[in-house]
1. In nanometres, what is the gap between the two model label sites at residue 40 and residue 170, each 7 Å from Cα along Cα-to-Cβ?
2. Place a +1 charge on the Cβ of each Lys and Arg in the stretch 1-68 and a -1 charge on the Cβ of each Asp and Glu, then give the dipole magnitude about the Cα centre in debye, rounded to the nearest 20.
3. Using amide H atoms built 1.01 Å from N in the peptide plane, name the residues 5+ places from residue 78, or on other chains, whose amide H lies under 5 Å from its own.
4. Just to confirm a number: summing +1 for Lys and Arg and -1 for Asp and Glu over residues other than residue 11 whose beta-carbon lies under 11 angstrom from that of residue 11, what do you get?
5. So, in nm, how far is label residue 72 from label residue 107 when the simple model puts each one 7 Å beyond its Cα toward the Cβ?
6. Let me check I've understood the local charge: for residue 39, count other residues with C-beta under 14 angstrom from its C-beta, Lys and Arg +1, Asp and Glu -1. What total comes out?
7. Rounded to the nearest 20 debye, what is the charge dipole size of the stretch 39-117 about its Cα centre when +1 sits on each Lys and Arg Cβ and -1 on each Asp and Glu Cβ?
8. Of 173, 41, which has the most accessible area with a 1.4 Å probe, and how do the rest follow in descending order?
Amino acid sequence: MLTVFAVHADPGSHLTVSRAIASLRHVELAGRSRSAVEALRVFDTLAPDAVTVDVRLPDGDGIELARTLLARRPGLGVVMFGAPTHGLLRRALAVGVRAYVPATAGDADATAAIQTCLSGGASFSSDILAAALRSCRPVDLSRREREVDGLFRTGLSTADVAALLAVSESTVRTYVARVRAKLGTDAAVLVDERLELPPVG
């Protein structure tokens, strides 16, 4: 039986997570917490397979809490509930969060994110990605170029971007080359190390 620990200040989020878990086979709710302090106190005892957590908690930052929990239990699946902004998504990905859903996520979105997370995958809803991309500065890019640029800026690899967009890695590299041509050195920072493309100029 897989277990999930829910850390949410909002009772509505707790209810959503409870309903989501109830709909999944061989998954149960190990415990609930409304604060980072309480979550840290009981986490090791509960030893959950996944944690759902609000990005904002009454006594702390949910992303920093996720970082601490992942340090204690590598491989832990973390589903973050929060505002769909590029900055928050980037920070969450940087600490190893596997799924990110809107704070107002319905049962279906929460269920899909938890299930995917427990199976070792990553889950980022189209609404989250679209909102995160909209929060980036405006640039003269096509829709697909903007998607690729935004995803790389969150720290995803070429393979991750290709999988999320359902295209080949070579297609991703083509889009990256176009983005670099338009953004110049600003784009070089996010692609040189992963794609080993020649410098712009």
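1. Inter-label distance under the simple model: 5.0 nm.
2. Working: 7 positive and 9 negative charges, 42 e Å.
Using Cβ point charges on Lys, Arg, Asp and Glu, the stretch 1-68 gives about 200 debye.
3. Amide H to amide H, under 5 Å and 5 or more residues apart or across chains, residue 78 pairs with 51, 98, 99.
4. After counting each charged neighbour, the total is +1.
5. 3.1 nm
6. After counting each charged neighbour, the total is +1.
7. 280 debye
8. Working: 173 95, 41 165 Å².
The ordering from most to least exposed comes out as 41, 173.
The values are calculated or read from the model by the stated rules, or taken from the named source; none is laboratory data. Given the structure is predicted, the values throughout are model-derived calculations rather than measurements. Methodologically, a virtual Cβ is constructed for each residue, glycine included, from the backbone with ideal geometry; neighbour enumeration extends over all protein chains shown. Heads up: the accessible areas ignore ligands, DNA and RNA and are worked out on the full protein's heavy atoms, side chains in. Shrake-Rupley method; radii C 1.70, N 1.55, O 1.52, S 1.80 Å.
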